[in-house]
Amino acid sequence: MTNAGAQRAAMVGELLVAQGHVPAAEVERALAYQRESGGRLGAVLVRMGAVSEDVLLPVLAQQLDLPLLDAQALWQHLPLAREALGAGVMAGEWLQAQQLLLWQGAEGVVHCVARNPLDSGLREAVAAAFPLQASLWYLARGQDLETALRQLHDDGQSPGGEDVAHLRELAEEAPVIELLNAIMSAAADAGASDIHFEPEARQLVVRYRIDGVLQTHLELPRARMDALVSRIKLVSGLDIAERRLPQDGRLTVRVSGVELDVRVSVIPCATGESVVARLLPKERAQLQLAHLGMEPDHLAQFTQAVAQPHGIVLITGPTGSGKSTTLYAALEGVNDQSRKIVTVEDPVEFQMRGVVQIQAQSDIGYDFARALRSILRHDPDIIMIGEMRDSETAAIAVQSALTGHLVLSTLHTNDAAGAFNRLLDMGLEPFLVASSVRAVGAQRLVRKLCECAQPARLEAAFAPGIQALQARIPQLMSAPAQWRAPVGCKRCRGTAYSGRLGIYELIAVDEAMQKAILRRASSSEVAQLARVAGSRSLREDGLIKAWRGLTSLEEVLRVTGMDNEGG
């Protein structure tokens with residue numbers, strides 16, 4: 001690296017540190033790696049996971065005094081770039097291999113966008129091809145540049161017949177490593193929970209699940225699919241050559257300065273291999289039930305239930321509704337180091353201090369039921385079961401609750417009232433369910449409105465239901481209504497929402513509920529009995545949040561459905 005290059009790298013590092021993007025120690029590590037292996041400092045920092053490309057590029061643009069083009073600007077210049085390509089002054093294959101996009105502008109200027117606009121070889125080649133014209137260079141995100149090049153060259157065909165050695169070579173190429181790191185960094189910066197790599201006939205679509213909703217992040221050339229999927233398989237410990245069977249793996253990565261556990265699932269499909277990566281931060285702020293969105297009455301009831309010395313507390317809901325987060329928060333609340341807490345999970349999503357967490361592994365026969373039998377020999381006070389999946393697990397959980405243990409678990413039902421019949425359907429006797437279950441909660445996640453939301457008026461069609469709800473729970477709806485409507489801004493990426501909170505239904509098992517369980521009452525009877533006792537539905541709890549302006553009425557209806565539940 002030349003002295004000028006070293007000075008530029010140092011300045012970039014200093015700017016990143018000064019603006020609080022990267023610790024100084026990370027820059028020192030990157031510089032040491034750069035001295036040994038070469039490369040650009042920014043690319044090294046991205047590969048190390050210290051910073052994302054979205055954070056790096058504005059700093060580079062500031063330091064190098066180069067304009068930074070976004071995806072829209074690149075798209076607008078594609079017609080001119082296509083004209084320049086058609087003129088044949090520079091070979092299209094070479095331009096694509098060098099990741100160089102150029103077009104001729106007014107007043108004899110050649111506009112150039114490259115991954116590394118300081119590359120002297122690129123600048124000399126452009127100067128030789130356009131000797132009578134000045135050149136103006138730009139920075140752009142690698143993903144945006146690659147998408148523009150795909151549109152320009154339209155090479156959407158994927159090479160076939162790669163052997164394992166070639167696939168491994170593709171996976172080890174620096175551009176592929178940088179691309180995957182950039183995708184994961186952008187996902188972490190956006191707060192995504194999952195990354196979906198979905199192959200189509202002529203492209204590979206990358207989508208993020210943000211606040212429970214999928215959003216398209218970028219579209220890559222179909223030709224990049226094999227290299228990218230091979231890279232994912234390689235770092236996840238999967239078989240690169242296997243393309244006919246589903247595979248599951250996991251890895252630990254560091255992106256944007258954050259350690260992430262990533263669970264990877266690869267499934268063959270008609271157009272290639274579909275990949276989903278679940279992002280799980282290794283470290284997270286201490287969970288507290290009070291911060292999850294529970295109303296004061298629900299919080300008091302749930303806290304009382306998990307403070308019991310024995311019994312079963314269940315949380316129900318579909319996948320992705322935040323059940324595990326609620327259980328983790330409950331464990332945080334009771335983890336005073338005076339009781340032995342053991343969990344069995346599949347997988348262990350977050351590590352908790354002072355808690356023995358066991359990873360179930362069904363592929364070797366170590367399932368929930370077998371793990372539970374082992375747990376009971378470890379003298380636990382509190383047991384958390386990731387999910388009650390079968391009758392054997394449910395039976396052991398009930399016996400544990402009846403012999404002096406508090407058992408927390410999840411169950412897949414649509415609402416809290418359906419949990420009792422689900423347990424009966426698993427083969428449990430009604431008297432065991434009635435005597436062991438202390439409380440059942442159901443939950444969903446609704447998106448919180450961004451600050452850009454505007455005040456709104458309640459539609460007349462919903463007024464009677466709201467008035468009835470207000471009459472039932474005046475203590476929760478005493479303040480003036482603050483209905484707000486979604487708008488969308490740059491901060492929320494135009495979605496109008498940022499973050500999520502829970503809406504809850506909670507049924508405490510009192511004497512009347514025990515009698516209903518003993519006579520195998522239907523779910524509708526259980527729900528009506530709970531309503532008489534003061535329970536409210538998920539829809540009603542969501543309406544309280546909308547009343548306060550935390551979310552929108554449309555979001556509550558989207559999550560809870562458009563039926564007549566709860567008015």
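The values are calculated or read from the model by the stated rules, or taken from the named source; none is laboratory data. What you see is a predicted model; the values in this text were computed from it and never measured. No Cβ is skipped: glycine too gets one built from the backbone with ideal geometry, and neighbour counts run over all protein chains shown. Quick note on the areas: whole protein, heavy atoms, side chains included, nothing else; ligands and nucleic acids left out. Shrake-Rupley method; radii C 1.70, N 1.55, O 1.52, S 1.80 Å.
Here Ile358, Ile341, Ile315 are screened, and the one residue that is aliphatic (A, V, I, L, M), modelled with pLDDT of 85 or more and either closer than 25 Å to Lys448 by Cβ or out of contact with any strand residue (DSSP E or B) (no Cβ under 7 Å at 6 or more places or on another chain) (or both) is Ile315. The residues in region 384-406 that are crowded, with 22+ Cβ neighbours inside 10 Å, under 28 Å from the mean Cα position of the chain (by Cα) and not β-branched (Val, Ile, Thr) can be counted, and the count is 3. Residue-level analysis places Leu287 outside the set of residues that are open to solvent by 50 Å² or more (accessible area, probe 1.4 Å) and part of a loop (DSSP other than H, G, I, E, B).
Figure legend. Inter-residue proximity from region 429-440: first residues within 13 Å of Thr403 (Cα to Cα), second residues open to solvent by 10 Å² or more (accessible area, probe 1.4 Å) and at pLDDT below 95, beta-carbon distance below 8 Å, spacing 6+ or different chains. Indicated pairs: Leu432/Leu402; Ser435/Leu402; Ser436/Leu402. Among the residues of region 1-13, at least one is open to solvent by 60 Å² or more (accessible area, probe 1.4 Å) and touching a residue at least 40 places away in the same chain (Cβ under 8 Å). Filtered by the rule that a residue be modelled with pLDDT under 90, out of contact with any Gly (no Cβ under 6 Å at 6 or more places or on another chain), of a type in the set (Lys, Arg) and part of a helix (DSSP H, G or I), region 208-250 gives a lone residue, Arg224. Does Ala419 satisfy the criteria of being within 30 Å of the chain's Cα centre (by Cα) and open to solvent by less than 20 Å² (accessible area, probe 1.4 Å)? Judged against the criteria, Ala419 is a match. Restricting Leu45, Leu101 to residues that are of a type in the set (A, V, I, L, M, F, W, C), modelled with pLDDT of 85 or more and either in contact with a helix residue (DSSP H, G or I) (Cβ under 9 Å, 6 or more places away or on another chain) or open to solvent by 30 Å² or more (accessible area, probe 1.4 Å) (or both) narrows the list to Leu101. I'm checking my understanding of the structure. Among residues of region 14-42 that are crowded, with 16+ Cβ neighbours inside 10 Å and farther than 27 Å from Val262 by Cβ, which one is farthest from the chain's Cα centre (by Cα)? Per the stated criteria, the residue is Leu31.
Among the residues of region 213-242, which ones are touching a strand residue (DSSP E or B) at 6+ places or on another chain (Cβ under 6 Å) and either among the aromatic types (Phe, Trp, Tyr) or more than 13 Å from Val176 (Cβ to Cβ) (or both)? Across region 213-242, the qualifying residues are Leu214, Gln215, Thr216, His217, Leu218, Glu219, Arg222, Ser236, Gly237, Leu238.
Evaluating Asp261 against the criteria (1) closer than 24 Å to Arg500 by Cα; (2) buried (at least 21 other Cβ atoms within 10 Å of the Cβ); (3) among the charged types (D, E, K, R) leaves one unmet condition, (2). Pairing each residue of region 120-134 that is of a type in the set (Phe, Trp, Tyr) with any residue that is surrounded by 10 or more Cβ atoms within 10 Å (Cβ to Cβ) and assigned to a helix (DSSP H, G or I), provided the two are 6+ apart or on different chains, yields C-beta distances under 9 Å for Phe130/Gly108.
Taken together, His196, His153, His166 contain a single residue that is surrounded by fewer than 21 Cβ atoms within 10 Å (Cβ to Cβ) and without any contact (Cβ under 8 Å) to a residue 12 or more places away in the chain, which is His166.
A quick yes/no check of all residues on (1) within 16 Å of the chain's Cα centre (by Cα); (2) modelled with pLDDT of 85 or more; (3) outside any helix (DSSP H, G or I); (4) not basic (Lys, Arg):
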residue	(1), (2), (3), (4)
Glu169	no, no, no, yes
Ile183	yes, yes, no, yes
Asp189	yes, yes, no, yes
Ser193	yes, yes, yes, yes
Phe197	yes, yes, yes, yes
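So, of the residues in region 463-487 that are within 13 Å of Ala453 (Cα to Cα) and in contact with a Phe, Trp or Tyr (Cβ under 9 Å, 6 or more places away or on another chain), which turns out to be least open to solvent (accessible area, probe 1.4 Å)? Here the residue is Trp483.
Within region 75-97, the set of residues being buried (at least 17 other Cβ atoms within 10 Å of the Cβ) and modelled with pLDDT of 85 or more comprises His77, Ala81, Ala84, Leu85, Met90, Leu95.
Among Ala71, Ala43, Ala32, Ala97, which is the only one that is free of Cβ contacts under 8 Å to residues at least 60 places away in the same chain and within 30 Å of Ala18 (Cβ to Cβ)? Answer to the check: Ala32. Restricting to region 488-523, name every residue that is under 35 Å from the mean Cα position of the chain (by Cα), surrounded by fewer than 21 Cβ atoms within 10 Å (Cβ to Cβ) and in a loop (DSSP other than H, G, I, E, B). Result: Gly488, Cys489, Lys490, Arg491, Arg493, Gly494, Thr495. At least 1 residues being under 31 Å from the mean Cα position of the chain (by Cα) and of a type outside the set (A, V, I, L, M) is the threshold, and among the helices (runs of 4 or more DSSP H) wholly inside region 48-98 those reaching it are 53-64, 71-76. Being open to solvent by less than 40 Å² (accessible area, probe 1.4 Å) and part of a helix (DSSP H, G or I) is a description that does not apply to Ala127.
Of all residues in region 492-512, those being among the aliphatic types (A, V, I, L, M) and either within 15 Å of Val213 (Cα to Cα) or without any contact (Cβ under 8 Å) to a residue 40 or more places away in the chain (or both) number 3. Can you tell me which of Val276, Val205 is touching a residue at least 40 places away in the same chain (Cβ under 8 Å), in a strand (DSSP E or B) and within 29 Å of Lys448 (Cβ to Cβ)? Just a single option satisfies the conditions, and that option is Val276.
Scan region 422-435 residue by residue and report those that are under 35 Å from the mean Cα position of the chain (by Cα) and open to solvent by less than 40 Å² (accessible area, probe 1.4 Å). Once the filter is applied, which keeps residues that are under 35 Å from the mean Cα position of the chain (by Cα) and open to solvent by less than 40 Å² (accessible area, probe 1.4 Å), region 422-435 yields Leu423, Leu424, Met426. Residues in region 302-350 that are over 19 Å from the mean Cα position of the chain (by Cα), of a type in the set (Ser, Thr, Tyr) and open to solvent by 10 Å² or more (accessible area, probe 1.4 Å): Thr303, Ser338.
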